[in-house]
Amino acid sequence: MGNLQSIAPSQIFPVEHYLIGLEDVSQMIDITTKDEIDREGLILITTLVTSCIRGIYHCSSKINCLEILHKLAQHTTSETILDRILPFILHFTQDISANVRVAALDTLTSCLCLVKSLPRSDANVFPEYVLPSISSLATDPSTMVRVAYAHNIATLAETAVRFLENSQLASGDGPVPKYETELRDLHEMLSSTVMSLLTDSQSIVKQTLMESGITKLCVFFGSQKANDIILSHIITFLNDKEDKNLRGTFFDCIVGIAAFVGWHCSPILIPLLQQGFSDTEEFVLAKAIRASTALTELGLIQKTNLIEFICDCVCFLNHPNIWIRHEICGLISTAAKSLSALDVQCKIMPAVSVHLRTPLLQVERIELLLDCLHPPIPRSIYDNVVKFPEVGQFIEILKDRRHARAKAGTDGIAKYGEMTQAMRNFFRRLSSTEDLNDLVELQLLSMGNHLIKMARYRAHDNKKSSRDGRIKLERKDSCYLHELALVDKLTKVDSQGRKHRVSESASADWLLNADFQSPSSASPMPDAISLNAQPIQATPTLSLVEYSMPERSFHQERLSECRLELDQLTNQLKMKYSTSLRNEMSDGQSNVSDDWKFAGTLVAHLHEHKNAVTRMASLKVGGPLFASTSTDGTVRLWDCTKLDGHQNINRSRQFYSANTPLNAVAACDAGQSLAVAGRDGALLILRIDPNSSKMALEQARHLDSNARIDRAVKEQDDGPVVEMQAMDQGSQSLIVYATLYGAIVGWDIRMQGNAWRLESDLRNGVITTFTIDPTNSSWLAIGTSSGRHLCWDLRFRLKIAEIKHPHESRIRRVACHPTEPSCLISASQGNNEVFSWNIETNSRQPALWASTAPPLSNVNNTAHSVCALLPGVVDGKGFLVTGGTDQRIRFWDLQNAGNCKLVVPSPKDSNTTNVSYSSRVIDGTYVIQELYNGNQSPTTGSVNSSRINIEDHKPGPDLPVFGHNDVITDLVLCRTQKQTFIASSSRDGVIKLWK
């Protein structure tokens with residue numbers, strides 16, 4: 001009672017506060033001997049704990065409560081456990097949290113094992129109370145709960161039998177329960193649970209049941225039911241080719257099960273062991289041989305079967321795996337001990353002696369047998385043979401070579417037969433890796449059957465796991481396949497004017513064949529779709545002829561007019577909401593007014609940077625302020641609001657000198673700060689001070705391990721930053737940067753460490769650029785120097801897609817599609833290529849081609865590439881502005897090729913009126929191509945003479961040229977209250993503003 005007073009508060013606190021105090025009491029109980037425990041005091045503590053259970057809501061508090069109940073049960077009486085603790089534990093087994101249910105199952109098993117005495121009134125506590133309360137957990141939706149049940153069910157069954165036996169000896173009023181009847185009831189209740197766990201869809205549940213006392217369940221059920229319930233189900237585990245651990249667990253547990261079931265299970269075990277001898281996993285093979293050895297010691301394998309085993313397994317004495325050789329030696333030694341000397345010398349030794357260096361008499365001694373073996377087959381030769389597609393032909397050639405050597409004798413030279421070129425190359429490769437001598441050939445020949453089986457299984461697995469982009473569905477009349485709404489359903493009007501809903505499979509067939517039929521073979525759709533109709537076949541002139549469409553059974557559903565109109569309205573509202581959400585949250589894309597047109601009028605020429613401008617970034621999307629970084633080591637802030645009046649932008653608003661070439665810039669902290677990265681690994685956070693002409697350094701970190709920096713914030717040697725973007729969402733302010741050596745890091749500027757980190761394998765190429773989904777920052781995509789696009793899901797930090805450029809061209813720039821949430825725009829090296837990739841399907845739609853080379857070809861007619869991408873939305877339609885090494889700025893309408901145009905030509909272009917744009921479908925890809933009338937490219941010719949003459953007559957300093965004189969490095973959109981501008985930067989340090 002003193003302990004209770006010490007933890008009793010004077011104020012009212014949450015229930016979790018009481019549980020913390022009770023944990024101190026449980027620690028006192030642990031250090032107190034059993035003789036000193038006050039049983040009545042423990043009952044009061046138990047009552048106090050259980051009174052708090054109804055008011056607990058947090059998962060951690062419930063688990064703590066279960067731990068306290070378990071500690072109380074260790075020191076209290078059996079009556080208290082059954083009457084006061086057990087009901088609350090069973091209450092937790094039905095909790096909404098899976099973690100609580102798992103803890104309740106473990107606590108229930110432990111507490112029931114602590115019950116030593118059982119009154120006769122509680123004799124039926126298992127069949128009438130415990131087992132019915134937890135029976136539903138065998139089919140629980142959570143895998144971890146089913147695993148916990150499989151882990152504890154053997155102990156629960158053993159405890160239930162002990163309770164039944166104690167009830168027979170207990171004193172008390174009432175009749176004595178019949179042992180056979182009660183035991184039969186327990187068998188019936190647990191048999192359904194065990195069968196449910198043995199047939200679970202998750203292999204981990206079955207494996208846990210096997211490893212957590214399967215022999216206890218055999219003892220519980222008895223010999224006959226163990227054979228009918230357990231053995232008949234576990235033999236199916238060998239058919240699970242995906243889970244090697246489950247197959248290995250089968251051979252670990254089969255010995256104990258077979259020992260209990262008895263000798264009559266021997267005919268069943270023989271084919272199971274033989275199946276294990278041909279398993280593709282070496283550790284499963286070793287366990288199968290070990291199980292055969294244990295069964296031989298128990299006498300469960302007959303002599304004829306044992307000799308057959310030895311003859312089949314003796315070839316494994318040449319196996320490169322030392323564990324397999326050790327296990328097969330153990331099997332031979334055990335068989336020699338159980339067989340007579342005559343059987344050993346006449347039936348075992350002839351098969352074993354072929355693999356021995358020296359004769360051996362005491363074959364029953366495993367250490368002598370191991371010492372007398374020939375050296376095993378080299379691992380490299382064994383692996384190459386198993387992977388070789390023509391193993392059967394290879395074995396036949398080895399037989400011919402053996403006959404040729406036997407015919408030539410010891411003194412002659414063997415003459416081998418002719419071989420194919422592939423076989424000669426294979427023998428040459430084996431000889432180059434290891435010494436392929438006559439002994440190794442004989443050893444491979446002895447393992448010929450096993451090698452052929454291994455090659456067949458591997459070929460089947462490779463064929464099964466191959467990804468060719470096809471989903472094969474087989475239709476069976478005896479089963480019903482559920483229908484999943486993967487695409488929008490279509491409606492068809494029959495001959496009577498009634499509308500029907502067509503299944504997705506039918507609509508997919510109709511769309512596929514309608515899209516890919518040639519104009520000459522296209523036929524109108526029928527007025528009605530009948531049941532069991534044959535789908536329309538694609539024309540054989542197309543590339544999709546190899547995809548044959550199976551027969552399908554189409555069922556129809558009549559819908560009312562109002563239902564169809566409601567579906568149409570719902571789809572329109574979803575599209576409208578998605579568009580508005582994307583417009584509000586877009587970060588890397590620009591949305592302009594509906595009447596905006598990019599005319600290409602030059603309004604400002606900024607030349608404060610002394611060297612190449614590398615990147616530009618808007619402080620806010622669509623705002624008037626933007627920043628630029630340069631290799632001259634400065635970052636400058638520009639303000640476009642001056643252009644609304646009669647002023648001009650003649651100098652930057654603020655600047656900062658970092659004394660190192662800068663590669664990247666990003667706006668963060670709601671546009672109040674800038675993050676810049678230098679080539680020496682410096683990463684700086686600059687605060688924009690509106691009352692000063694210079695920016696203030698707020699934070700800094702260095703990614704180069706050679707610099708002197710604080711060890712607490714030192715990063716790995718990831719190399720300098722190559723690209724950087726900001727993620728400002730609510731209270732989260734992240735700077736995401738990619739480094740030269742493949743690191744993609746999310747840095748929360750409010751803390752010293754990193755929020756998250758991803759790694760890109762350098763075998764995929766060096767990271768050149770990346771972009772982040774502007775809608776909700778759910779995914780990130782990078783481009784590499786080897787032409788690969790890698791995409792990660794930022795919510796789970798998992799790689800979800802990998803898209804490879806068809807010609808492995810370097811990726812220069814990537815951006816998100818302005819209107820398609822799951823599409824990525826990518827600019828690659830050469831031919832001014834710009835592709836739009838669908839991340840979900842890895843398909844190209846569309847492709848922008850501004851080159852004289854044939855579209856989508858690998859012919860590199862021009863070395864010019866796109867280096868700057870600016871996607872945006874105008875009047876609900878997506879557009880893209882590009883600039884690159886050819887010094888031109890183009891406007892692309894992603895839906896209408898007629899609206900595309902060359903907005904800003906190069907100063908070297910003599911005539912831009914000969915440029916036009918057209919669209920067509922090439923190999924299933926929609927391509928917008930730039931065409932030059934008269935086969936002349938605008939690159940030919942000199943500068944416009946009329947423009948030069950006009951400029952020559954103007955007094956004062958020379959006016960800047962109309963376009964860029966060097967490579968265009970970046971594009972950004974900025975908007976004031978009256979106007980919308982596009983800023984372009986170039987490698988000569990010039991920034992131009994256009995409208």
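The values are calculated or read from the model by the stated rules, or taken from the named source; none is laboratory data. The structure displayed is predicted, hence computed values, not measured ones. Backbone-built Cβ (ideal geometry, glycine too); neighbour counts: all protein chains shown. Only protein heavy atoms, including side chains, enter the accessible area calculation; ligands, DNA and RNA are left aside. Shrake-Rupley method; radii C 1.70, N 1.55, O 1.52, S 1.80 Å.
Rg and Dmax of segment 100-207, both derived from C-alpha coordinates alone, stand at 14.6, 47 Å.
Label-to-label distance for Glu282 and Cys562 is 7.2 nm, based on points extended 7 Å past Cα in the beta-carbon direction.
All other residues whose Cβ lies under 15 angstrom from that of Ile811 are scored, Lys and Arg at +1 and Asp and Glu at -1, for a net of +2.
Computed over the alpha-carbon atoms, segment 601-701 gives an Rg to Rh ratio of 0.96, Rh here being the Kirkwood radius from the mean inverse distance. Both the radius of gyration and Dmax for segment 30-154 are 14.5, 45 Å, in that order, over alpha-carbon atoms.
Heavy-atom surface analysis with a 1.4 Å probe gives segment 749-881 a carbon and sulfur content of 46 percent of its accessible area. Here the ratio of the Cα radius of gyration of segment 289-395 to 2.2 N^0.38 Å is 1.12. Taking a 30 Å limit on the Cα-Cα distance, which of the listed pairs Lys347/Lys407; Lys610/Lys877; Lys337/Lys387; Lys620/Lys694 fall beyond it? Correct reply: Lys610/Lys877; Lys337/Lys387. Summing +1 for each Lys or Arg and -1 for each Asp or Glu among the other residues whose beta-carbon sits under 12 angstrom from that of Asp988 gives +1.
Val927 sits among other residues whose Cβ lies under 10 Å from its own Cβ, and their net charge, with Lys and Arg +1 and Asp and Glu -1, is +1.
Note on Asp312 and Asn858: with the Förster distance fixed at 56 Å, the Cβ-Cβ geometry gives a FRET efficiency of about 0.55. Relative to the globular-protein estimate of 2.2 N^0.38 Å, the Cα radius of gyration of segment 176-266 stands at 1.12.
Accessible area per residue was computed with a 1.4 Å probe on protein heavy atoms; Arg844 scores about 50 Å².
Accessible area per residue for segment 135-253, computed on protein heavy atoms with a 1.4 Å probe, is 43 Å². P(r) tail for segment 720-860: Cα pairs beyond 19 Å make up 50% of the total.
Determine the alpha carbon to alpha carbon distance for each of Lys287/Lys453; Lys62/Lys799; Lys908/Lys978; Lys216/Lys303; Lys576/Lys597 and list only those over 27 Å.
Lys62/Lys799; Lys908/Lys978; Lys216/Lys303
Of the residues Lys407, Lys244, the one with the largest accessible area comes first in the ranking Lys407, Lys244, computed with a 1.4 Å probe on protein heavy atoms.
Per residue, the accessible area of segment 390-432 comes to 69 Å² when a 1.4 Å probe rolls over the protein heavy atoms. Segment 269-304 and segment 655-689 have Cα centres spaced 67 Å apart. Surface composition of segment 301-460: carbon plus sulfur atoms hold 55% of the accessible area, using a 1.4 angstrom probe and ignoring ligands, DNA and RNA.
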